[in-house]
């Protein structure tokens, strides 16, 4: 009796697996058809549904990355392909294709250093792939050009900063010259000092002469007698 139940369970599992596989394949076929018709969003949806049926499907995952790439969703396409890059159940050629596509996504994003590493990984798996070799050469040239441009931009920023500092120093100097110095006595020439001293002497002389005249004008009164 127990053997019958066990056989029934096995048959049910096989049937369920077969049904799920059929559904997965149906979504894969639909996704492929939509992809070939340039309906990349619909293809993405179909491949995602296929992955719901079988999350470990390398075919669905690879084609999902392709669909995302065609929609310029480059970051998500890299994520989709990266989950396949190091799978041991893929052939060297298929893994090389995955790395090649990852390199293309990075190249399109202008992440040239990342693209270079991806292409190198692809060539390690398939050294005879001339398309990957060409893309690697192009990525190397673009990375060098990008570095040179960054250096030029940095030099330009540094020069602008120096010019701004010079302008600020010049403005500070001009303001300092225009503002009178506070808290410090102003210097006078020797001639001005002599004139001031002479004027003080003259003023003092006039004051003394005035005092002399006032003394002469004073009359001393006699005290009144008592009765």
key: Residue within the range 105-115 that is more than 25 Å from the chain's Cα centre (by Cα) and buried (at least 19 other Cβ atoms within 10 Å of the Cβ) present   = no
remark   = Within the range 64-92, residues being under 20 Å from residue 127 (Cβ atoms) and either crowded, with 22+ Cβ neighbours inside 10 Å or in contact with a helix residue (DSSP H, G or I) (Cβ under 7 Å, 6 or more places away or on another chain) (or both) number 3
ask   = Among 192, 158, 153, 147, which is modelled with pLDDT of 80 or more, surrounded by 10 or more Cβ atoms within 10 Å (Cβ to Cβ) and over 30 Å from residue 117 (Cβ atoms)?
value = 158
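The values are calculated or read from the model by the stated rules, or taken from the named source; none is laboratory data. Just so you know, these numbers come straight off a predicted model, no measurement behind them. Cβ: placed from backbone, ideal geometry, glycine included. Neighbour counts: every protein chain shown.
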